[in-house]
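What follows is one structure encoded as structure tokens, with my remarks underneath.
The values are calculated or read from the model by the stated rules, or taken from the named source; none is laboratory data. Here the structure is a predicted model, which means the values were calculated and not measured. Counting neighbours? That spans all protein chains shown, and the Cβs are built from the backbone with ideal geometry, glycine included. For the accessible areas, the whole protein counts, side chains as well, though only heavy atoms, and no ligand, DNA or RNA atoms are used. Shrake-Rupley method; radii C 1.70, N 1.55, O 1.52, S 1.80 Å.
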Amino acid sequence: MENTRTDLVIDCHGHFTAEPAAFHEFRRAQVAYAEGRGTSPGAYPGISDDELVEIVGINQLRLQQERGTDLTILSPRASGMGHHVPGQQTASEWAHLSNDTILRICEMYPENFAPVCQLPQTVDGDLGPVLDELERCVEAGFVGCNLNPDPSGGRWTSPSLADPWWDPLWAALERLDVPVMIHASASCAPSVHTTGAHYLAADTIAFMQLLEGDVFERHPGVRVIIPHGGGAVPYHWGRFRGLAIVRERRLEDLLRNVFFDTCVYHQAGIELLVEVIGTENILFGSELLGAVKVDDPQTGHAFDDTLRYIDALELDPASRAAVLGGNARRVYPRLDALLTRQGR
């Protein structure tokens, strides 16, 4: 099906997953030191502008042009956040370095990328450093943040997202008027695949935590994006609706604050997502350079070229425009303000 795209196509879910080898080597040394297995790696020497230009050009920028998207909301590699690594200083230094790298890319290509930050969460730490980094990043121009509901990497030792322990973060998000994408980091369990199992399970668990609690009654201005199409949520909507009824709640009320992206890598999944959730709560996303870096032999196209799945839907122009960009501008008001300043 042919579609005429006249509005900006905004990919709400992109990661910088093409870091140079030296970046990974520094992180390995940093983790080894934090775990008592090595010496301090010292200061990271950095990535040169020329190297960043080359890396981004052959990866994110190339795919944007090939797939017909206009802007990617970019954040650090999710599996690389590593919140299970011990030590608040390590977490803060790593978040600072990762976020500053994202900001540099976005400043180099302001019409192609907008920054979202990782937070220096730790298994046993408090929210003080998390709030400090969020404030620092928003002041620098970041439009949102990623929140790991399970810093332990699969052990689920943190309080539920509905627990009042998180209230300082929810309050800060309201005050700063930035949304949060729920995104787990690496799985520490060898039997639980990070992108194929841990992420999708975390999405589902986070939704259930929000359903069980009263976060949005306490913080009605908070906006939450659950990625990867919501994990199991759309497929098991009846189960969640029944659980909501038992709790004398309505899922429709939850959808005032909760949104889903289109990082679902097959046509039937996208169709189900749209049918169950509705286009008002769906943001286009591809997880650009994400979990599945291979072409589908049945179609000859990349699995994560999710714009093709949207193109194949029979959406009216207003719904299509909302999914491809309008909803992102509504959920990310700082992004909307940035684009408005650019005349877009």
Being out of contact with any helix residue (DSSP H, G or I) (no Cβ under 7 Å at 6 or more places or on another chain), over 24 Å from Phe113 (Cα atoms) and in a loop (DSSP other than H, G, I, E, B) is the filter here, so list the residues in the range 69-96 that pass it.
-> His84
Give the number of residues within the range 28-53 that are under 27 Å from the mean Cα position of the chain (by Cα) and on the phi > 0 side of the Ramachandran plot.
-> 1
Kindly list, by first and then second residue, each pair from a residue in the range 233-244 that is free of Cβ contacts under 8 Å to residues at least 24 places away in the same chain to a residue that is not in a loop (DSSP other than H, G, I, E, B), limited to pairs with Cβ atoms under 6 Å and residues at least 6 apart or on different chains.
-> Arg241/Leu251
For Ser286, the lone unmet condition from (1) open to solvent by 30 Å² or more (accessible area, probe 1.4 Å); (2) touching a residue at least 12 places away in the same chain (Cβ under 8 Å); (3) in a loop (DSSP other than H, G, I, E, B) is (1)
Six or more apart or on different chains, Cβ under 9 Å: which pairs go from a residue in the range 189-214 that's under 11 Å from Phe240 (Cα atoms) and open to solvent by 40 Å² or more (accessible area, probe 1.4 Å) to one that's modelled with pLDDT of 95 or more and hydrophobic (A, V, I, L, M, F, W, C)? Could you list them?
-> Glu212/Ala162; Glu212/Leu243
Among the residues of the range 236-260, which ones are out of contact with any helix residue (DSSP H, G or I) (no Cβ under 7 Å at 6 or more places or on another chain) and within 22 Å of Thr195 (Cβ to Cβ)?
-> His236
Right, Asp150: part of a loop (DSSP other than H, G, I, E, B) and open to solvent by 40 Å² or more (accessible area, probe 1.4 Å) or not?
-> no
Name the residues in the range 50-94 that are charged (D, E, K, R), closer than 25 Å to Arg344 by Cβ and loosely packed, with under 15 Cβ neighbours inside 10 Å, would you?
-> Arg62, Glu66
Got a sec? Which of Asp295, Asp253, Asp316, Asp261 is among the charged types (D, E, K, R), open to solvent by 20 Å² or more (accessible area, probe 1.4 Å), out of contact with any Ser or Thr (no Cβ under 6 Å at 6 or more places or on another chain) and closer than 23 Å to Thr72 by Cα?
-> Asp295
Subset tally (residues that are open to solvent by less than 50 Å² (accessible area, probe 1.4 Å), in contact with a strand residue (DSSP E or B) (Cβ under 8 Å, 6 or more places away or on another chain) and part of a helix (DSSP H, G or I)) for the range 326-344 | 6
Pairing a residue in the range 310-323 that is free of Cβ contacts under 8 Å to residues at least 60 places away in the same chain with any residue that is open to solvent by less than 40 Å² (accessible area, probe 1.4 Å) and among the hydroxyl-bearing types (Ser, Thr, Tyr), where Cβ atoms lie under 8 Å and the two sit 6 or more apart in sequence or on different chains, gives Ile310/Thr262; Leu315/Thr279; Ser319/Thr279; Ala322/Thr279
